[in-house]
Amino acid sequence: MFAGQAVGATGSDMSFQTLVPGQDSGFLHTHKTHEELYIILKGEGMYQVDGEQIPVSEGSIVRVDPAGKRALKNTGSENLTMMCIQYKANAFTEADSPMEDGVILQEELKW
């Protein structure tokens, strides 16, 4: 499920995927301009990037360059659930860092 469009995101997209034990993503893929962050929410598996296999489990985060050939496989005994965040590579400058872009407002916080 791709959720970025559903929530009105304008600079990124995100998707969720669940793989049952033994299932893989079905194909290698790359991107033209987007890099991705894969965040493992539950389960364990193997993430492959350019032939390198990386063990992943709950809490793992893998960043993949647009040209990286990637795939994911559930090697555990329970479902593997991941979230993928996709955004244009090299879009951020130093001015976009959270410390530079964030503005703490001098307004009273009301609940």
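The values are calculated or read from the model by the stated rules, or taken from the named source; none is laboratory data. Remember, it's a predicted structure, so these values are computed and weren't measured experimentally. Please note: Cβ atoms are built from the backbone with ideal geometry, for glycine as well, and neighbour counts cover all protein chains shown.
Some values worked out for this structure:
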| item | result |
| --- | --- |
| Matching entry among Tyr87, Tyr38 (being modelled with pLDDT of 95 or more, within 14 Å of the chain's Cα centre (by Cα) and surrounded by 15 or more Cβ atoms within 10 Å (Cβ to Cβ)) | Tyr38 |
| Hits in the range 44-59 (condition: closer than 16 Å to Val20 by Cα, touching a Gly at 6+ places or on another chain (Cβ under 8 Å) and not hydroxyl-bearing (Ser, Thr, Tyr)) | Glu44, Gly45, Val56, Glu58 |
| Residue check, Ala6 assigned to a loop (DSSP other than H, G, I, E, B) and of a type in the set (A, V, I, L, M) | no |
| Which numbered condition Glu100 misses (of (1) under 21 Å from Gly11 (Cβ atoms); (2) touching a Gly at 6+ places or on another chain (Cβ under 9 Å)) | (2) |
| Residue identified as over 29 Å from Thr10 (Cβ atoms), without any contact (Cβ under 8 Å) to a residue 40 or more places away in the chain and either under 15 Å from the mean Cα position of the chain (by Cα) or surrounded by 12 or more Cβ atoms within 10 Å (Cβ to Cβ) (or both) among Glu44, Glu108 | Glu44 |
| Set Glu52, Glu100: member being touching a helix residue (DSSP H, G or I) at 6+ places or on another chain (Cβ under 9 Å) and surrounded by fewer than 16 Cβ atoms within 10 Å (Cβ to Cβ) | Glu100 |
